[in-house]
């Protein structure tokens, strides 16, 4: 399946499911769960690399992790989910040539078949136009854009009429530029529902209500593995605490075994 085929899902009313992955273990789990798309998001900077924001992750690191994601798939190629990779900070903000080189490297050297980038400012639209002309599918991203954290923070976006109209115009520009889908993050649900009706391409929500063509989530958040849970993505299971307790049990068992006074201190005799 190619990225553009997600548009057919919108036309038929089939909800699109997107989950993140950052290594072979997480991608094997997400594939087995049946996700349509695996996003190798720059959120791995926080989930896997321990950074406070997504900004520090590099293009080489994104490629490294995308390659690992591809190695985790078990199904035949024709049955594997679509892989979309985030273009990291400063890989596309510095001009079209650099963006094409960055995106081309990801598609050439990994399992990714599309890239995602944030915003719809005139400079970004030029980059998207160029990428698509070069045969590189692009997914857009509006609303809360983590790469702009120092300007907008992590607060909900588009709260006032002016900002809502801005996002509407940006979404239309992304569609006109040729994006095959747009992620809308942490905006009012009514705005997302309105946008969905205005676009012929899928609108993928995260913290934007249920009136979208599909949903994307950070897998580590859904599994309850992260220490700071986003308000719009509650965990499905308390995996972090479960894992800690299970490992604590093992650690304690080993310590009890070592300190057991009845345990023989002399080495066992071998019958040989």
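The values are calculated or read from the model by the stated rules, or taken from the named source; none is laboratory data. Computed from a predicted structure; not experimentally measured. Every residue, glycine among them, receives a Cβ derived from its backbone with ideal geometry; neighbour counts consider all protein chains shown.
The set of residues in region 113-125 that are within 12 Å of residue 138 (Cβ to Cβ) and in a helix (DSSP H, G or I) comprises 124, 125. Taking the listed residues 87, 49, the one that is at pLDDT 95 or above and crowded, with 20+ Cβ neighbours inside 10 Å is 87, with no other qualifying.
Filtered by the rule that a residue be part of a helix (DSSP H, G or I) and either under 12 Å from the mean Cα position of the chain (by Cα) or at positive phi (or both), region 45-64 gives 45, 46, 47, 62.
Residue pairs whose Cβ atoms lie under 8 Å apart, sitting 6 or more positions apart in sequence or on different chains, and linking a residue in region 155-184 that is at positive phi and surrounded by fewer than 16 Cβ atoms within 10 Å (Cβ to Cβ) to a partner that is modelled with pLDDT under 95 and not in a helix (DSSP H, G or I), do not occur here.
Filter region 92-112 down to the residues that are assigned to a loop (DSSP other than H, G, I, E, B), without any contact (Cβ under 8 Å) to a residue 40 or more places away in the chain and surrounded by fewer than 23 Cβ atoms within 10 Å (Cβ to Cβ) and list them by number. Passing the criteria: 93, 94, 95. Taking first residues from region 67-91 that are within 16 Å of residue 107 (Cβ to Cβ) and partners that are modelled with pLDDT under 95 and in a loop (DSSP other than H, G, I, E, B), the Cβ contacts under 7 Å between residues at least 6 apart in sequence or on separate chains come to 82/1. For region 204-227, name all the residues that are in contact (Cβ under 8 Å) with a residue 60 or more places away in the chain and not in a loop (DSSP other than H, G, I, E, B). Of everything in region 204-227, those that are in contact (Cβ under 8 Å) with a residue 60 or more places away in the chain and not in a loop (DSSP other than H, G, I, E, B) turn out to be 204, 214, 215, 216, 217, 219, 220, 222.
Tally time: how many residues in region 1-44 are within 16 Å of the chain's Cα centre (by Cα) and free of Cβ contacts under 8 Å to residues at least 40 places away in the same chain?
Residues in region 1-44 being within 16 Å of the chain's Cα centre (by Cα) and free of Cβ contacts under 8 Å to residues at least 40 places away in the same chain: 3 in total.
Every test in (1) under 22 Å from residue 187 (Cβ atoms); (2) touching a residue at least 12 places away in the same chain (Cβ under 8 Å); (3) out of contact with any helix residue (DSSP H, G or I) (no Cβ under 6 Å at 6 or more places or on another chain); (4) in a loop (DSSP other than H, G, I, E, B) is passed by residue 234 save one, and that test is (2).
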